[in-house]
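The values are calculated or read from the model by the stated rules, or taken from the named source; none is laboratory data. Keep in mind that this is a model prediction, so the values were computed, not measured. Cβ: placed from backbone, ideal geometry, glycine included. Neighbour counts: every protein chain shown.
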Amino acid sequence: MSARCIVPPYLLQRLAESRPEAAAWLERQLAHDDDVRLQRTLTVPAAASGESWVVHDAGHGSTLPGRVVRRPGQPASGDVAVDEAAEGVAGALALYADVYGRDSYDDAGATVVATVHYERDYDNAFWNGTQLVFGDGDGEVFGRFTAAVDVLGHELTHAVTERTAGLAYEGQSGALNESISDVFGSCLKQRLLGQDAVAGDWLIGAGLFLPGVQGRALRDMAHPGTAYDDPRLGQDPQPAHLDDYVETTDDNGGVHINSGIPNRAFQLAAVAVGGSSAEGAGRIWYAALTGGLSSRTDFAGFAAATVAAAGEHADAVEEAWRTVGVTPQSATSGAGQPPPASPERSERTVRVRRSGGFAGLVADGRVDLDADDTRGPELAQLVDRIDLREVRAGEPRPDMYVYAFDLCGDTATVPEQHLTADLRRVASLVLEG
């Protein structure tokens, strides 16, 4: 089971650091994310209802899916978030059906389950492998996450990618995973607005920021790195060219940052192909996505797949990729996937660094076992009985967390789905106090 999210980790980390009440806010968000992780473990797929979609209301709690509030054929509920979710999901399903001949995210008519009003002040939206979930925002920087229809398209597309290419969520393949969700989220928005590729604004998440925030959106596919520049958020860090690819161990190798490179390639291709983005370059990208890619496909491998699928537009598509520094080549071995790095070694220090996740929050903490810290005795006991060599290895999943542990010099990087109870307790003690 996996989760896919819309707000990148670096943005929420900067937001937490910039607020006067950052410590309390960060602790609250961590608690929310712990609930999300638990639900990913315990939630089972909803029984098929035969309906294309159903919207639920979590009532500001964390129990999923919540109370059913709207089904197809029913009139608007009057709850803005409910109705935006219903219309957005219905539009996304229509996009996939009408343009690409796909029957829901699994191509077998699965019912899309969506939940709104998740938790309080929750700054994100995600697909958890079973359903879509949307928060209402914190009321200071972010408003409700159903307000931008491309966000709904983005999250549903993570489900499509999961059921097709299954792109590994790290490094370049992870950045492609994020970019493909932006691509079809943008295609959905333009389709609903009746725009062609030239008229589209190419903004992802426009309308999420509340008045007073110096930003137009979360990302700008046409001009990566320019979406926002705000004292609380910092400056949009997305690169627009492969020369500026960000090598990092955070966020599964910077999947939300480096997605700017393939995002710009699609925007350039869509304008060059012309007409509707969904029916023009979108058809090419969908053919590449569903054409038998390796889960470790990198930028060059995906570029080659799009050129191969482009027919008469092959030269235009290849030029779009070359403009962002990517040379199409059929190499899907996972080149460009930065290996996870171990945290700094320290003989009597326990350190945990958590990155990735739906909200894109990066948290880093350490405890000196020789200091006068109330957490020390319990951590010492945990360290004595944990053998990191026995921890199960595995691939990170979209928008789920990755933990880098340094237990008094012994190090390991562990995807959250493989955390043991002891490692989860270590993370809780070090990161939450």
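Given the condition assigned to a loop (DSSP other than H, G, I, E, B) and closer than 19 Å to residue 54 by Cα, answer yes or no: does some residue in segment 133-142 qualify? Checked segment 133-142: at least one residue is assigned to a loop (DSSP other than H, G, I, E, B) and closer than 19 Å to residue 54 by Cα.
Can you find even one residue in segment 59-69 that is at pLDDT 95 or above, farther than 15 Å from residue 116 by Cα and either buried (at least 20 other Cβ atoms within 10 Å of the Cβ) or of a type outside the set (Asp, Glu) (or both)? Within segment 59-69 (the criterion being at pLDDT 95 or above, farther than 15 Å from residue 116 by Cα and either buried (at least 20 other Cβ atoms within 10 Å of the Cβ) or of a type outside the set (Asp, Glu) (or both)), the answer is no, since none of the residues qualifies. For residue 296, the stated conditions do not hold, so it cannot be described as closer than 28 Å to residue 103 by Cα, of a type in the set (Lys, Arg), out of contact with any Cys (no Cβ under 6 Å at 6 or more places or on another chain) and not in a loop (DSSP other than H, G, I, E, B).
Does at least one position in segment 181-197 carry a residue that is assigned to a loop (DSSP other than H, G, I, E, B), assigned by TED's automatic domain parsing to the domain that holds residue 241 and buried (at least 24 other Cβ atoms within 10 Å of the Cβ)? For segment 181-197, residues assigned to a loop (DSSP other than H, G, I, E, B), assigned by TED's automatic domain parsing to the domain that holds residue 241 and buried (at least 24 other Cβ atoms within 10 Å of the Cβ): present. Scanning segment 151-180 for residues that are under 19 Å from residue 223 (Cβ atoms) and not hydrophobic (A, V, I, L, M, F, W, C) yields 154, 178, 179.
Against the condition buried (at least 24 other Cβ atoms within 10 Å of the Cβ) and touching a residue at least 24 places away in the same chain (Cβ under 8 Å), how does residue 309 come out, does it pass? When the stated conditions are applied, residue 309 does not pass them.
One residue stands out in segment 200-234 among those that are acidic (Asp, Glu) and in contact with a strand residue (DSSP E or B) (Cβ under 7 Å, 6 or more places away or on another chain): the one that is farthest from residue 260 (Cα to Cα), namely 230. If we keep just the residues of segment 198-244 that are in a strand (DSSP E or B) and among the acidic types (Asp, Glu), which is farthest from residue 273 (Cα to Cα)? That would be 230. Could you go through segment 243-258 and let me know if any residue there is at pLDDT 95 or above and surrounded by 24 or more Cβ atoms within 10 Å (Cβ to Cβ). Checked against the condition, which is being at pLDDT 95 or above and surrounded by 24 or more Cβ atoms within 10 Å (Cβ to Cβ), segment 243-258 yields at least one hit. Within segment 143-180, being part of a helix (DSSP H, G or I), closer than 14 Å to residue 207 by Cα and in contact with a helix residue (DSSP H, G or I) (Cβ under 6 Å, 6 or more places away or on another chain) holds for 149, 150, 152. Within segment 348-405, the set of residues being modelled with pLDDT under 85, more than 22 Å from the chain's Cα centre (by Cα) and surrounded by 17 or more Cβ atoms within 10 Å (Cβ to Cβ) comprises just one member, 391.
Of all residues in segment 70-81, those that are in contact (Cβ under 8 Å) with a residue 24 or more places away in the chain and either of a type outside the set (Gly, Ala, Ser) or assigned to a strand (DSSP E or B) (or both) total 2.
Note on segment 118-141: residues that are crowded, with 24+ Cβ neighbours inside 10 Å and touching a residue at least 40 places away in the same chain (Cβ under 8 Å) total 11. Hey, could you check segment 207-228 for residues that are surrounded by fewer than 21 Cβ atoms within 10 Å (Cβ to Cβ) and under 14 Å from residue 145 (Cβ atoms) and say which is modelled with the highest pLDDT? Per the stated criteria, the residue is 210.
Can we say residue 182 is among the charged types (D, E, K, R), on the phi > 0 side of the Ramachandran plot and at pLDDT 95 or above? For residue 182, the condition - among the charged types (D, E, K, R), on the phi > 0 side of the Ramachandran plot and at pLDDT 95 or above - is not met.
Selection over segment 82-117 of residues that are surrounded by fewer than 23 Cβ atoms within 10 Å (Cβ to Cβ), among the small types (Gly, Ala, Ser) and not in a loop (DSSP other than H, G, I, E, B) gives a count of 4.
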